[in-house]
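Participant: Below is a structure I'd like to ask you about.
The values are calculated or read from the model by the stated rules, or taken from the named source; none is laboratory data. These numbers come from a predicted model, not from an experiment. Here the Cβ positions follow ideal geometry from the backbone for every residue, glycine too, while neighbour counts run over all protein chains shown. Heavy atoms of the whole protein, side chains included, go into the accessibility calculation; ligands, DNA and RNA do not. Shrake-Rupley method; radii C 1.70, N 1.55, O 1.52, S 1.80 Å.
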Amino acid sequence: HTELLRIGSLDTAFGGTTIEQVYQAMSYISFPPFSIFPEYVKGGGGHNSGDNDGEVPSGDVTLIVSVVEEYADNSNYSLYEQFLDNLFNAMDAVNGGPCMDDHDTDPHVSMARGVKFKSSYHETQYYYKVNLEVAVWQAMYPMGVVIGSSGKASFPPNQATKNRDYVGYGNLYFFFDRANITKAFPPNRDLYSSESYYSTLTKNDVSSFYAMTTSISFNYQQRSGSKNNNNQYYEHNPYAWNAKMAMHDMTDGWDLPPNCNQEGETFLGIPMSKKSGSKLQSTATFQNQFDFEYLVDRNFTYIKKFGTNHGWLIGEVLNNGPASIVDKDTSHIPIFYTGTTNPNMGGLSLSNIIKVVKDVNFGTLYIKPAFLFQDEDGAVKLQFEADANSALGYLYDNLCKMLGLSWNYNSPSNKYGLYTNCAMHASGDRATYGCGPDNANSGGFCPQMTIAYRVKFQSTNHAAAFFSRGNAYVDYWRSLYPNGVAVGTDSFCKNGGCLGLFLNRYDLYQVFKPDLGGSWVEYNGATLAPTLSPAPTARGGCDNPHNSHLDRCFRKMHPRKASAVAWQSLGPVGQLSVFLVSFMAITLSLSIFLARARKKRRRGESYLGFLVRDLRKTGKKRDLKSSSKKKKRRTKNKDLEEDMLGDRPPRHRSKSKSRSKSRSHKSGESRSKSRSHKSGESRSKSRPRPPGEESSSRPRSSSRYGDDRESKRSSSKHHRSSSKRREEGHENRSRSSSRRRSSSREGKSSRSRSRSRREVTLTPGDDVMSRRQLV
């Protein structure tokens with residue numbers, strides 16, 4: 001990025017300006033899209049630690065750019081100058097703090113810091129190559145270019161999964177620190193057609209610009225080179241490397257050993273970090289024995305500033321005073337630097353490093369803090385005791401023998417034949433050459449933890465007070481752990497004393513337990529089961545507790561459930577489908593229940609009470625259905641067994657009678673009365689009875705054994721009355737057909753009951769006569 005205005009500290013207690021004040025000030029101003037013109041690439045600058053030791057000098061690489069000045073009609077000031085004037089007025093209006101710069105920053109892009117070239121010749125060739133690229137850019141953008149993108153991004157970055165907006169062209173951004181952008185401010189207009197052409201030019205073929213640009217039209221040589229070594233010849237001598245150079249500065253270039261062509265930050269060390277309160281970056285907790293918060297100065301009581309953007313390495317907080325990068329906690333004790341993991345550049349691959357370290361049999365690593373100090377490069381460090389006879393010293397000695405550099409007729413050796421040319425320690429180096437208080441201070445064995453880079457104090461008295469306060473806590477830790485302590489937690493390295501493989505200062509990758517107790521992957525804050533392990537390393541196989549962390553033994557002692565395996569086999573799509581089907585089934589059941597409850601719920605009855613009553617009713621219905629089915633099976637063909645021509649009176653269907661009685665007694669009674677009345681009238685017309693004679697079920701001898709004439713007359717009368725009754729019944733049936741269709745089941749059962757009663761009122765004579773007519 002290129003900086004236009006440095007806001008400085010965000011802490012108002014120390015003269016800073018809050019983020020809210022910056023946002024409010026930017027809401028007051030308006031600006032057009034600004035075009036940027038690339039000028040040249042230069043070297044030199046700060047970060048020259050160790051440049052006076054006769055070795056290769058170091059410097060920064062910077063791209064110089066400029067903002068294209070555009071003038072409106074009849075204006076003496078450019079649009080960019082007017083923007084700067086409005087910006088400072090707006091910051092004053094919101095009471096911006098005095099830590100903010102009172103002038104704009106010269107636009108530039110910091111490409112790298114602390115760079116060391118192999119020689120002055122290599123430096124010259126590098127700057128010619130990169131400035132030839134800048135010359136191509138100048139040919140592509142003769143009037144500058146509005147910088148931007150057609151992609152999407154999210155601000156702030158901790159919400160990267162949501163609120164993604166179109167980036168666009170010509171935006172200005174607020175940088176919380178060098179690593180985090182929290183807000184974008186769009187310009188007040190869209191791009192002109194000419195501006196859009198140059199902004200999207202790289203989406204087309206630009207090979208013609210590279211073909212036509214073969215020389216550099218601007219002078220860059222007087223502006224390049226290291227700070228103290230302009231026009232001087234120098235060359236890196238790898239054979240001048242010694243084990244003392246393992247104590248390198250993380251903010252400066254390293255002096256590489258022979259046959260190593262690339263710098264790398266991979267190292268073996270002891271994890272000491274804790275989960276920090278940062279909302280942007282955080283880490284897991286690897287130890288509970290030390291709280292390094294007592295060693296820092298958050299309120300700037302003693303320190304004045306940092307020489308880098310990193311601040312406190314034990315975890316920087318939001319809205320910190322110097323506006324340092326909000327890094328996560330990177331506390332650790334480096335033991336052995338393996339360098340780059342690129343085998344083509346002289347390094348050792350990550351898998352081969354793990355394979356070799358797994359074969360190192362080291363004991364539990366105990367550490368004991370010694371004192372707090374500041375080294376010659378200005379870094380504040382915590383020194384730990386370098387006991388050459390401890391497990392830590394034994395581990396360093398073995399790593400040097402197995403992975404160190406060939407030096408002073410000593411060569412590393414391991415059973416795998418895997419070596420690196422970029423380790424920062426010699427195979428002849430020993431723990432007895434360490435840098436602790438009781439050692440010769442000439443070797444690479446130096447267990448230290450860096451707390452901050454390039455700290456500058458307000459005065460020497462403030463520095464003395466800071467270290468006096470810090471060493472008081474160190475003395476407390478020494479009394480608390482007189483024999484040292486093996487750091488760890490209940491969830492990480494439970495027994496303590498583990499060794500970690502770091503990809504860089506931020507990322508712990510692999511963890512190794514002492515006494516060949518196994519290893520596991522620990523990366524990006526998540527602990528995983530072992531993925532790379534041979535057969536059990538200790539005797540006894542998986543029955544030996546030392547092999548419990550190997551993947552083979554872990555799977556044997558912790559078998560997965562069949563349900564978990566089946567669930568995982570479905571995959572994300574199958575699991576989502578099962579979830580959706582289950583959710584739909586549950587919601588459908590609930591909606592059906594609510595619909596039934598609204599329709600059939602009694603007044604004042606709760607939904608729970610209705611559910612209980614409905615379940616009981618459903619159970620009773622099931623019992624009644626099962627019993628009725630059994631009765632149907634028993635009396636299925638009883639009617640077929642009736643004797644229709646016998647002398648016995650007809651068998652009446654008690655089933656319909658009982659059903660009609662149980663369902664609707666009143667309606668059936670009323671309807672049977674009306675129908676009985678009509679049928680009685682018809683019967684009285686066809687068969688007159690003497691007054692006072694009651695209908696009885698006893699048979700009449702006169703009607704059955706009378707003379708022939710009487711019989712014929714009665715028979716004819718009966719025949720006419722029966723036909724009349726049939727016609728009347730037919731008319732009645734036709735009139736009541738519509739009534740029967742709309743009547744309920746209750747009415748049907750009552751009519752069946754009335755018909756049964758009507759059949760019961762027939763006299764035996766009528767019964768005999770009906771049978772005769774049938775014959």
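Participant: For the list (1) closer than 23 Å to VAL521 by Cβ; (2) part of a helix (DSSP H, G or I), I need the number of the one condition that ARG560 fails.
Facilitator: Here ARG560 meets the rest and fails (2).
Participant: Next question. How many residues, within the range 53-81, are farther than 26 Å from SER110 by Cα and assigned to a loop (DSSP other than H, G, I, E, B)?
Facilitator: Within the range 53-81, residues that are farther than 26 Å from SER110 by Cα and assigned to a loop (DSSP other than H, G, I, E, B) number 7.
Participant: Kindly indicate whether any position in the range 79-101 is aliphatic (A, V, I, L, M), modelled with pLDDT under 90 and surrounded by 14 or more Cβ atoms within 10 Å (Cβ to Cβ).
Facilitator: Scanning the range 79-101, I find at least one residue that is aliphatic (A, V, I, L, M), modelled with pLDDT under 90 and surrounded by 14 or more Cβ atoms within 10 Å (Cβ to Cβ), so the answer is yes.
Participant: For ALA284, only one of the following conditions fails: (1) modelled with pLDDT of 90 or more; (2) crowded, with 19+ Cβ neighbours inside 10 Å. What is its number?
Facilitator: With respect to (1) modelled with pLDDT of 90 or more; (2) crowded, with 19+ Cβ neighbours inside 10 Å, ALA284 is out only on (1).
Participant: Moving to a separate point now. Across the range 478-507, what is the number of residues that are outside any loop (DSSP other than H, G, I, E, B) and either open to solvent by 10 Å² or more (accessible area, probe 1.4 Å) or of a type outside the set (A, V, I, L, M) (or both)?
Facilitator: Kept after step one, since they are outside any loop (DSSP other than H, G, I, E, B), are these residues of the range 478-507: 478-480, 485, 499-502.
Okay, now just the ones that are also either open to solvent by 10 Å² or more (accessible area, probe 1.4 Å) or of a type outside the set (A, V, I, L, M) (or both), so 478-480, 485, 500, 502.
Qualifying residue count for the region: 6.
Participant: Is at least one residue of the range 137-147 hydroxyl-bearing (Ser, Thr, Tyr), under 30 Å from GLY15 (Cβ atoms) and modelled with pLDDT of 90 or more?
Facilitator: No, the conditions are met nowhere in the range 137-147.
Participant: Quick check, is ASP387 surrounded by fewer than 22 Cβ atoms within 10 Å (Cβ to Cβ), over 22 Å from PRO257 (Cα atoms) and either acidic (Asp, Glu) or free of Cβ contacts under 8 Å to residues at least 24 places away in the same chain (or both)?
Facilitator: So ASP387 fits the description; yes.
Participant: Of (1) out of contact with any strand residue (DSSP E or B) (no Cβ under 8 Å at 6 or more places or on another chain); (2) open to solvent by 60 Å² or more (accessible area, probe 1.4 Å), MET140 satisfies all except one. Which?
Facilitator: Of the numbered conditions (1) out of contact with any strand residue (DSSP E or B) (no Cβ under 8 Å at 6 or more places or on another chain); (2) open to solvent by 60 Å² or more (accessible area, probe 1.4 Å), the odd one out for MET140 is (2).
Participant: Go through the range 513-543 and give me each residue that's in a loop (DSSP other than H, G, I, E, B), modelled with pLDDT under 75 and open to solvent by less than 70 Å² (accessible area, probe 1.4 Å). Working first, answer last.
Facilitator: Residues of the range 513-543 in a loop (DSSP other than H, G, I, E, B): 513-518, 524-525, 528-540.
Subsequent filtering for residues that are modelled with pLDDT under 75 retains 524-525, 528-540.
Once the filter is applied, which keeps residues that are in a loop (DSSP other than H, G, I, E, B), modelled with pLDDT under 75 and open to solvent by less than 70 Å² (accessible area, probe 1.4 Å), the range 513-543 yields GLY525, ALA529, PRO530, SER533, ALA535, PRO536, THR537, ALA538, GLY540.
Participant: Does PRO33 satisfy the criteria of being in contact with a Gly (Cβ under 8 Å, 6 or more places away or on another chain) and modelled with pLDDT of 85 or more?
Facilitator: Here the answer is yes, as PRO33 does meet what is asked.
Participant: Restricting to the range 577-594, give me the number of residues that are open to solvent by less than 100 Å² (accessible area, probe 1.4 Å) and more than 30 Å from GLU605 (Cα to Cα).
Facilitator: The total comes to 4.
Participant: What pairs can you find where one residue is in the range 128-139 and closer than 15 Å to MET111 by Cα, the other is among the small types (Gly, Ala, Ser), and their Cβ atoms are less than 9 Å apart, with a gap of 6+ or different chains?
Facilitator: Every condition considered, the pairs that remain are ASN131/SER224.
Participant: Look at LEU365 and say whether it is modelled with pLDDT of 90 or more, open to solvent by less than 40 Å² (accessible area, probe 1.4 Å) and touching a Cys at 6+ places or on another chain (Cβ under 8 Å).
Facilitator: Answer is yes for this residue.
Participant: I've got another one for you. Could you list all residues from the range 178-202 that are basic (Lys, Arg), over 18 Å from MET143 (Cβ atoms) and either open to solvent by less than 80 Å² (accessible area, probe 1.4 Å) or without any contact (Cβ under 8 Å) to a residue 40 or more places away in the chain (or both)? Full working, then the answer.
Facilitator: First, the residues of the range 178-202 that are basic (Lys, Arg): 178, 183, 189.
Within this subset, residues satisfying the condition of being over 18 Å from MET143 (Cβ atoms) are 178, 183.
Scanning the range 178-202 gives a single hit, LYS183.
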